[in-house]
Amino acid sequence: MSCSKYMPAPVCLIENYENGKLHVKKEAKDILDAINEPVVVVSVVGLYRTGKSYLMNRLAGQQSGFALGSTIESKTKGIWMWCVPHPNKKGHTLVLLDTEGLGDVAKGDSKNDSWIFCLAVLLSSTLVYNSRGTIDNTAVEKLHYVAELAENIKIKSAEDEEEGEDSDFVMFFPSFTWVVRDFTLDLEIDGKKVTDDDYLEFALNLKKGLGRKINDYNLPRECIKRYFPSRKCFVFPFPVTSQEDMTRLEILQDQDLAQQFLEVTKHFCDHLFVNSAVKRLKGGHIVTGQLLGRLVEIYVDKINSGEVPCLDNAVVVLANQENQAAVQEALKVYQRGMEEVKNMLPISIEYLTCEHQKFSRLATSEFMKRSFKDEKTEYLKKLEVS
Ligand SMILES: Nc1nc2c(ncn2[C@@H]2O[C@H](COP(=O)(O)OP(=O)(O)OP(=O)(O)O)[C@@H](O)[C@H]2O)c(=O)[nH]1
Ligand SMILES: [Mg+2]
């Protein structure tokens, strides 16, 4: 059983220093290293002080966990992680990533914000974008980080770049869920009742015409649609009525919260539990906790060295590490088997050949279980030679 089942509270996964450098925390990496199960990764991003951490605690099914702040000062720093058993998918771990609030002017570091947003996109299978009030133009414009993704993430490695457009990259991007908090309006468009999803799509409609203003209006909308073809929206009412209660949500019981807030929260959580996919790498390989930890390191190293993280390169680096380990494990299987044969000596050549073939086959299948993207069967050959 993985230790994820016993993670009592979130830990910091990625810390950010004043000098702009990012750092992967060892404690979090060790936790991921011990998880051999596939992971479903849900991350939340959005402006600071909008109830992100509170929502993540609800997803973890806990009253408290990710630290909330009750002042206007931003609370969460860097990226925090909580691994819990997946409530619906047996044998899967749900990894919740809570991120630092974007757009805090006191912090005044927009580059840091871009990287936080970018890492959330790279690491998760579902990205929750949290905002407050309504989906008006300001809310959409605040999501300008999406428009910057093209500069901050590369899909293909330099060698493959000539091979045309990144048309299929979105397959490896997370699905997108827009959460609107403290929504007080009626869900109506032109006097007709609409769903949360209709509301989002309406807000993302493009304006016809030319000119800078229209262009500025359309650009973030076009980017959201392009990068996140799978979209969902949930509008939440106020959780409580009194301002005083708002700052002590963490200690309030469900019966103290607005009924409709509880209903939407449940609907939201159920939706994510059922629909959030297992995280996969470009190429389709399933990501386990272990692989996720390595992925975090690869991306953070890239960002720290001033380069742009690249999906393809990350897969190559990961595949090399994994295949190397797979060869070692397979060799062990073969050697262990042949040790036993050695103890039976003297034996006939026929029997020896037969045993050698048996353990070679076993070793190969052991290798195949773990290896990936060994397209040129480079590592399989390595195994045969040894
Ligand atoms: N009005 C309102 N307040 C909320 C809601 N959810 C949580 N809060 C309160 O808002 C404050 C901030 O909540 P957090 O969950 O810490 O917000 P955050 O977005 O994680 O904040 P940062 O980490 O600073 O970006 C706390 O006092 C919460 O009790 C909500 O749906 N509506
Ligand atoms: Mg927070």
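Annotations
- Residue check: Gly46 meets all listed conditions (1) more than 7 Å from ligand 1 (Cβ to nearest atom); (2) under 23 Å from Phe172 (Cβ atoms) but one, namely (1).
- Yes/no for Leu47 being assigned by TED's automatic domain parsing to the domain that holds Met246 and either under 18 Å from Leu122 (Cα atoms) or β-branched (Val, Ile, Thr) (or both): no
- Near pairs, Cβ below 9 angstrom, 6+ apart or cross-chain, from segment 53-66 (in the same structural domain as Val84 (by TED's automatic domain parsing)) to any residue that is part of a helix (DSSP H, G or I) and near ligand 2 (Cβ under 9 Å from one of its atoms): Gly65/Ser53; Gly65/Met56; Phe66/Lys52; Phe66/Ser53; Phe66/Tyr54; Phe66/Met56
- Residue check, Lys225 outside the structural domain of Ala325 (by TED's automatic domain parsing) and surrounded by 12 or more Cβ atoms within 10 Å (Cβ to Cβ): yes
- Segment 57-107, residues that are over 24 Å from Asp256 (Cβ atoms), assigned to a loop (DSSP other than H, G, I, E, B) and modelled with pLDDT of 85 or more: Lys77, Gly78, His86, Asn88, Lys89, Lys90, Gly91, His92, Glu100, Gly101
- Spans of helices (runs of 4 or more DSSP H) in segment 252-369 with at least 1 residues free of Cβ contacts under 8 Å to residues at least 40 places away in the same chain and exposed (fewer than 13 other Cβ atoms within 10 Å of the Cβ): 259-275, 311-343
- Residues in segment 112-142 that are part of a helix (DSSP H, G or I), acidic (Asp, Glu) and surrounded by fewer than 19 Cβ atoms within 10 Å (Cβ to Cβ): Glu141 only.
- Whenever a residue of segment 111-134 is farther than 12 Å from Thr99 by Cα, its partners that are more than 16 Å from ligand 1 (Cβ to nearest atom) and of a type in the set (Phe, Trp, Tyr), lying with C-beta atoms within less than 7 angstrom and at least six residues away or across chains, give the pairs Leu122/Tyr299.
- Lone unmet requirement of (1) within 24 Å of Gly103 (Cα to Cα); (2) touching a helix residue (DSSP H, G or I) at 6+ places or on another chain (Cβ under 7 Å); (3) within 16 Å of ligand 2 (Cβ to nearest atom); (4) not hydroxyl-bearing (Ser, Thr, Tyr) for Glu15: (2)
- Screening segment 248-275 for residues that are within 28 Å of the chain's Cα centre (by Cα), over 17 Å from Phe238 (Cβ atoms) and of a type outside the set (Phe, Trp, Tyr) and picking the one that is farthest from ligand 2 (Cβ to nearest atom) gives Val274.
- Flag if Val128 is more than 16 Å from ligand 2 (Cβ to nearest atom), of a type in the set (A, V, I, L, M) and assigned by TED's automatic domain parsing to the domain that holds Glu73: no
- For segment 59-88, a tally of residues being more than 8 Å from ligand 1 (Cβ to nearest atom), farther than 19 Å from Val24 by Cα and buried (at least 17 other Cβ atoms within 10 Å of the Cβ) returns 6.
The values are calculated or read from the model by the stated rules, or taken from the named source; none is laboratory data. For clarity, every value in this text was computed on a predicted model and none was experimentally measured. Backbone-built Cβ (ideal geometry, glycine too); neighbour counts: all protein chains shown.
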